[in-house]
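These notes are about the structure you will find just below.
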Amino acid sequence: MLTKLQDLIQSKLCQYEPDSAHALTSPKEFSHIPNKTVLFGQPNKDVKSKAKRIGIVFSGGPAPGGHDVLVGILSHLRKGDELIGFIGGFGGMLNGQYFLIDAADKDLLEGTAGFDYLGTDRTKISSDEQFEIIRNLVSDLSLNALIVVGGDDSNTNAFYLSQALGDECAVIGVPKTIDGDLKRPPYLNVTFGFHTATQHYSRQVTNLKIDAQATGKYFHMVKLMGRSASHVVLEVAHQTEPHACLLAEEVMKNAWGLIDVIDYFVDAISTRIAAKKPYGVMIFPEGLVEVIPEIKAYINGDDSLLKDAYYKLGLRGGFVNNIMRDSHGNVNLSLIPLETILIDCLTARLKTIKNGDKATFVAHFYGYEGRSSQPTDFDVNYSRVLGKTAYELVLSNQTGMIAGLKNDGHTLQPCGIPLVCMLDFDLSKDRFIIKKELVNCLSDEYLHYIQNKGNWTLSDIGFPRKPVFDSPTIF
Ligand code: FBP
C-alpha cells in the first residue's frame, strides 16, 4: 500500500477527466449543483490554464500530515502560481491574517509534526457578516481558490463557502481528522492523521500492557481521543488487544446506562483478579460521555440521572466540571474527566465484590500528543497526495469538492468528491451538514472486535511482540 502511494506521488497527476460513471447523489434541495466525481488519470485538456493564487486554511483540531498537505501543493505549483497561508484558522482569516508561503519552505515542512506552521482554530463562518468579510478578502487578494483542510464541520463550512463564493473563488476541502469519522468509501476511506494518532496511542497502550504485566499491580483506565465516533478506539483495540474495551457505538447498540458500563469493566477486572492477574489495561473513547444517558443528561443540564446512578453505586454527589463548547456548538469532550469518573464508580462498585479491593487504578488520557506526533510514512504520503489532488482540482476549475483517494481494493486513484453528495439534513441544527460517520456495527472490523474481545480479557503480551500495522486497517 505504501509503495503504491509513493508511486502515485511520483506520477504525473496534472490531468483529469470527469467520469460520469461515478456520479454520486446529492440531496434534491441541491440538485442544481453538479455532482460528478472527478477522477484523475486522463490527459488534462486545460494544463495551460492561467496562474492561480490559492489560499489555504487549517481548520479544527490538528492532525499529523497537515504540513505535508502543504508540501503536496508546494511541490507542484507551476510558475506564477502562489499559495497564501491564512494564520490561525478561519478566525485568523476573518482578521485578515495571512502570508505568502515561500515554496522553499517545503523543505522545512516535509514530514514534520503539527499544524503550527499556519495554526488552526474552530471558527465557523455562519453569519452574513462573516461571509461578506471572506468575500471581500477573496476579492482584495484576488484569490482564485481557497483550500480548507478540515474535518466534517470544516468541510460543511467549505460547502457553504463554495456556494457563497460561486465562480469568484473555488473552494476545495482536504479531509483531515484523527477521529477518522469523515468518509465516503471507496473514494475516501480514511482521513489523514488517523493512522499516526492510532499508531501513537497503540504504542502507549502496548507500553502500559508491558508495564502492567511486569509489575502486576495496576489497572490502567485509558481514555482515548475521538469525539462521537469510536474509530480510534476500535483501531487501537485491534492493534493492542486490551483486557477490556468499550466503544460508544457498542454502548448505544446495547442501550447501556452508567451502571451497565461499570459492571462490564468490573466483570473484566474480577475475572483477572480471580486468575491472579490483579492488573490490566482498559480502553474507551472520550465520546462515551455522549452516549451514557446519565452523563449525557448531565452535560445537557440535568444532573438527576447521574445523581441516581451515583447513589446506587454508593457514591454521593455529582462531578463538578464546566462543560465547554466550541464555536460549532460541540461539547469539548476532552476536558470532561471521564477516566476519573469511571475510576470513582469502579472503586465504589468493587467494594461490594470479593477481592475487589485488590484493584488499584491509574487514569490516563491519550489525546493531544497523538494529534501532533510525527506523521507516519502512510500519513506523509497520503497527505501529500491529498494536497496535490486539491491543487489539481483547483487547476481543473472545480469547486465544492473534497480531495479523495479512491481505493477499490486493487488500485488507488486520486479523485474529487462533490461535497454536496456528503450532506445530510440535521434536524437539531435545521440545516444540511456533513455528518460524522460512526463505527458501523455490521462492519467486519466491528464484528471481529466483538468476537475477540472476550478472549483478550485474560491474554497478556508475550514474545515475539506483535508488530504494528503498516497502514490503517480501515484503508
Ligand atoms: P477535529 O474533528 O477538528 O479534527 O478534532 C478532533 C479532536 O481531536 C477530537 O478527537 C477531540 O474531541 C477534539 O479534537 C478536541 O479539540 P480541542 O482542541 O478543541 O480541545
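Before moving on, here are some points about what is shown:
- Candidate set from region 129-160 (those that are closer than 21 Å to Asp424 by Cα and surrounded by fewer than 23 Cβ atoms within 10 Å (Cβ to Cβ)); member that is farthest from the chain's Cα centre (by Cα): Tyr160
- Restricting attention to region 324-340 and to residues that are open to solvent by 60 Å² or more (accessible area, probe 1.4 Å) and not in a helix (DSSP H, G or I), the residue that is modelled with the lowest pLDDT turns out to be Ser327.
- Residue under evaluation Pro293, criteria (1) open to solvent by 50 Å² or more (accessible area, probe 1.4 Å); (2) modelled with pLDDT under 90; (3) more than 16 Å from the ligand (Cβ to nearest atom); (4) under 28 Å from the mean Cα position of the chain (by Cα), criterion not met: (2)
- Condition met for Lys435 (within 21 Å of His231 (Cβ to Cβ), open to solvent by 30 Å² or more (accessible area, probe 1.4 Å) and under 18 Å from the mean Cα position of the chain (by Cα)): yes
- From Pro375, Pro414, residue being of a type outside the set (Phe, Trp, Tyr) and within 16 Å of the ligand (Cβ to nearest atom): Pro375
- Residue check for Thr352: under 27 Å from Tyr218 (Cα atoms), of a type outside the set (A, V, I, L, M) and either touching a Phe, Trp or Tyr at 6+ places or on another chain (Cβ under 9 Å) or within 16 Å of the ligand (Cβ to nearest atom) (or both): no
- Leading residue by the ranking (farthest from the chain's Cα centre (by Cα)) among those in region 78-128 that are part of a loop (DSSP other than H, G, I, E, B), of a type in the set (A, V, I, L, M) and at pLDDT 95 or above: Ile101
Residues checked against (1) among the charged types (D, E, K, R); (2) buried (at least 19 other Cβ atoms within 10 Å of the Cβ); (3) part of a helix (DSSP H, G or I):
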| site | (1), (2), (3) |
| --- | --- |
| Ala309 | no, yes, yes |
| Leu342 | no, yes, yes |
| Lys354 | yes, no, no |
| Pro375 | no, yes, no |
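- Among the residues of region 176-189, those identified as near the ligand (Cβ under 10 Å from one of its atoms) and touching a Phe, Trp or Tyr at 6+ places or on another chain (Cβ under 8 Å) are Lys176, Thr177, Ile178, Asp179, Gly180.
- When the strands (runs of 3 or more DSSP E) confined to region 384-431 are screened for residues that are buried (at least 24 other Cβ atoms within 10 Å of the Cβ), those reaching at least 1 such residues are found at 401-407, 412-418.
The values are calculated or read from the model by the stated rules, or taken from the named source; none is laboratory data. Bear in mind the structure is a predicted one, so any value in this text is a computation, not a measurement. As a convention, Cβ positions derive from the backbone with ideal geometry for all residues, glycine included, and neighbour counts pool all protein chains shown. To get the accessible areas, we keep the full protein, side chains included, count just its heavy atoms, and leave off ligands, DNA and RNA. Shrake-Rupley method; radii C 1.70, N 1.55, O 1.52, S 1.80 Å.
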